[in-house]
Amino acid sequence: MTHQTSVKSTRHPENFKPDHAVLSVTNVSKSFGSIAALQDVDLKLSAGSVTALVGDNGAGKSTLVKIMSGVLTPDTGAVVVEGNPVDLRDPRAARQHGIHTVFQDLGLVGSLSIVENMFLCSEIRIKAMGMQTPFLDREAMRDAARTALDNLGITTVKDIDAPVESLSGGQRQSVAIARSVREHARVVILDEPTAALGVAQAAQVLLLIKRLRAAGTAVLVVSHNLREVFAVSDVVIVLRLGQVAEVFRTSETTEEEVVAAIVGARSRGNI
């Protein structure tokens, strides 16, 4: 049976366009042996909107993120980008469709510079007589890296030739997000983006999320921090036991209602 999501209001958040989503997950299910991690999950992400995905450990959040990121393949259902079903057979395929995921480990190499990390596996090479040479165009890479950082208003990263291992946690998260911007991501998925960050660094990351939204990017934030969820999101999707329990418009719900949905104290009929 397909579990259709419900929205707490007939009106939608500003820039939330459920009929023209950048990315949609439709009737997706995934099992590991006898364990059903996801069951008939529907999800839509729209340009210029921040969607928060919340739920207890084991609710299916990580599995859903990995499916949208090309790390896992669903048993049933489809991932749709701009109205077209896509085969996200690996993370590279997801990135080719404009879906970029910043996992908790950030995927950065500490010994490499900020520029080198932002162009990891996508380096710009010098061309001669119309042919690509094996030589890196370091100046073009530095200019593009700085532009990506500037476009997000990231001012805390001064020396883009500095090794990533010399940066703070918040600065590393900023670099990982800026890398997605440089690669023209249409969808940015952030997995616990403020975990292990201090208050000031977390505030910087939340500001970057708002800037991504202002730039028209579809953003999915996976978080256990409901205070931060309510600070940046337009829509809150609650996963429980591998199913979408409820979908809320952030401005028309409360942390208490969301917590109740997470723990199963609310029935879907209450909406």
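The values are calculated or read from the model by the stated rules, or taken from the named source; none is laboratory data. Computed from a predicted model, the values in this text were never measured in an experiment. Quick reminder, even Gly has a Cβ in these numbers, built from the backbone with ideal geometry, and neighbours come from all protein chains shown.
Set side by side, the residues E139, E123, E183 differ, and just one is over 25 Å from G48 (Cα atoms), in contact with a strand residue (DSSP E or B) (Cβ under 9 Å, 6 or more places away or on another chain) and not β-branched (V, I, T), which is E123.
Candidates are the residues of the stretch 82-109 that are among the aliphatic types (A, V, I, L, M) and surrounded by fewer than 20 Cβ atoms within 10 Å (Cβ to Cβ); the one that is nearest to K61 (Cα to Cα) is L106. Scanning the stretch 203-221 for residues that are at pLDDT 90 or above and polar (S, T, N, Q) yields one hit, T217.
Does the stretch 128-144 hold any residues that are surrounded by 10 or more Cβ atoms within 10 Å (Cβ to Cβ) and either over 12 Å from R182 (Cα atoms) or of a type outside the set (K, R) (or both), and which are they?
Step one: filter the stretch 128-144 for residues surrounded by 10 or more Cβ atoms within 10 Å (Cβ to Cβ), giving 132-133, 135-144.
Hits for the stretch 128-144 are Q132, T133, F135, L136, D137, R138, E139, A140, M141, D143, A144.
Restricting V65, V71 to those that are out of contact with any strand residue (DSSP E or B) (no Cβ under 8 Å at 6 or more places or on another chain), modelled with pLDDT of 95 or more and of a type outside the set (G, A, S) reduces the list to V71.
On the stretch given as the stretch 169-211, residues that are aliphatic (A, V, I, L, M), under 14 Å from the mean Cα position of the chain (by Cα) and farther than 24 Å from R92 by Cβ total 4.
The set of residues from the stretch 123-146 being out of contact with any Ser or Thr (no Cβ under 8 Å at 6 or more places or on another chain) and in contact (Cβ under 8 Å) with a residue 12 or more places away in the chain comprises E123, I124, L136, D137, R138, A140, M141, R142, A144, A145, R146.
Being part of a strand (DSSP E or B) and either touching a Ser or Thr at 6+ places or on another chain (Cβ under 6 Å) or farther than 12 Å from S223 by Cα (or both) is the filter here; which residues of the stretch 189-206 pass it? Within the stretch 189-206, I189 is the sole residue that qualifies.
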